[in-house]
Amino acid sequence: MSASPVLWSLDARGVATVTLNRPEVNNAYDGALIERVLAAIDDLSGKPARVVVLKGNGKHFQAGADLKWINGVRPKSAEENEAASRATFEAVQRLNTLPVPTVALVQGGCFGGGTGVIAACDVVIAADNALFSITEVRWGLTAAIIIPQLCDAIGVRQVRRYALTGERFGAEDARRIGLVHDVVPLADLDGAGAKVVEQLLANAPNALAETKRLALESSFGGMAVDDAAYKRLVHLHSAKRQTEEAAEGLASFAEKRAGRWGGGAA
């Protein structure tokens, strides 16, 4: 089990802990990690889970997409690229719509898709060493499939800054804009999460599920998986990956240099 990219356990209280387990690459996601996240959600759907706690092993919570994996997907067919984006979207959206409360505990880096993951969680607690960035534009990509969750969490105005600049910002700024709820010392992160879990367990399960469902019905991020808008976002996400601009952005990452961009948008 320790070699799995995603670990999960369920205690006697019904508290499930899902742990991203690729610390050697800062828990960057690839096809295998996405597959295991979906499998963990499937497994938990048949269990009496009352709360899900999401964590990342190692120094960092989640560093976004594994760009080596992205480079491996890029040359494949448009259909295969769209399937990769669809699976990524489904993992985030299924986390978003779980009928039980979700609590994310964030330490170190939380970049790119990682910001979408925490935006899809109900409660987010960050360690004071947490660092955030919506990085996709830096590599010639777009954050299409996590934009809805980010807009729900921090609002369009903040997305228009941070998803366009790709800048890094710390835990206190993340709290200021609403991406995280609380900031605590790193040593207190698990304890702070445990306190929130106890508060959630004190509440009626069906009332929690209905309250969450009603909140999502009022939000863009709560739209169904097969909604036409989401199909469009998945297509845009995958198509951008196969552009010359993305090729240059990914090359600049691999070569540790600034991107050599052409003219402005048409």
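Once the chain from Ala247 to Glu198 is taken as fully extended at 0.36 nm per residue, the excess over their C-alpha distance is 12.9 nm.
Computed from Cα positions, the angle between helix 228-241 and the longest principal axis of the chain comes to roughly 50 degrees.
As a proxy for reagent exposure, ranking Thr19, Thr102, Thr243 by other Cβ atoms within 10 Å from fewest up yields Thr243, Thr19, Thr102. Just to be sure I understand the curve: with the Debye formula and one point per C-alpha of the range 155-198, what is log10 I(q)/I(0) at q = 0.33 Å⁻¹? Listed by q, the Debye log ratios stand at -1.18. As a rough footprinting exposure proxy, the listed residues Cys151, Cys110, Cys121 were ranked by other beta carbons within 10 Å of their own, and the order from fewest upward is Cys151, Cys121, Cys110.
Short-range pairs are left out: with C-alpha atoms under 8 Å and at least six residues apart, the relative contact order of the chain is 19 percent.
One entry in [x] 28; [y] 51; [z] 21 is percent of Cα pairs over 31 Å apart calculated from the shown coordinates; its label is [z]. Of the residues Leu105, Leu141, Val117, the one whose Cα sits farthest toward the positive end of the charge dipole of the range 97-162, with +1 on the Cβ of Lys and Arg and -1 on the Cβ of Asp and Glu, is Leu141. For the range 1-71, the share of DSSP beta bridges that are antiparallel, to the nearest 5, is 40%.
Pairs of Lys residues in the chain are counted when their Cα atoms are under 25 angstrom apart and they lie 8 or more places apart or on different chains; the count is 19. A Cβ-based charge dipole, computed about the Cα centre of the chain with Lys and Arg at +1 and Asp and Glu at -1, lands at about 380 debye. Rounded to the nearest 10 degrees, the inclination of helix 147-165 to the longest alpha-carbon principal axis of the chain is 40 degrees.
For the chain, what is the calculated [θ] at 222 nm in deg cm²/dmol (nearest 500), taking -39500 (n - 2.57) for each run of four or more DSSP H residues and dividing by its residue count? Computed ellipticity for the chain at 222 nm equals -14500 deg cm²/dmol. Summarising the amide proton neighbourhood of Ala28: residues at separation of 5 or more, or on other chains, whose placed amide H is nearer than 5 Å comprise Ala63. Note on Glu80 and Thr165: the model spin-label points, each 7 Å out from Cα along the C-beta direction, lie 3.9 nm apart.
Against the main long axis of the alpha-carbon atoms of the chain, helix 205-217 sits at an angle near 30°. Dividing the C-alpha radius of gyration of the range 67-179 by 2.2 N^0.38 Å, with N its residue count, gives 1.07. If you sort the three axes of the alpha carbon gyration tensor as a ≥ b ≥ c, you get a/c of 1.5 or more for the range 122-233 and a/b no higher than b/c, which makes it oblate. Derived scalar couplings between HN and Hα for the range 75-82 equal x, 6, 5, 4, 5, 5, 5, 5 Hz in order, rounded to whole Hz, by the Karplus curve 6.51 cos²θ - 1.76 cosθ + 1.60 (θ = phi - 60°), x for Gly and Pro. Comparing Ala16, Ala207, Ala144 in a Gaussian network model of the chain where C-alpha atoms under 10 Å apart are linked, the largest mean-square fluctuation is found at Ala207.
Under a Gaussian network description of the chain, with springs only between Cα atoms under 10 Å, the residue in Asn57, Asn96, Asn203 that fluctuates furthest is Asn203.
The numbers here are math on the coordinates, done by the rules we state, and not lab data. All values derive from a computational prediction rather than experimental measurement. Don't worry about glycine lacking a Cβ; one is built from the backbone with ideal geometry, like all the others, and counts go over all protein chains shown.
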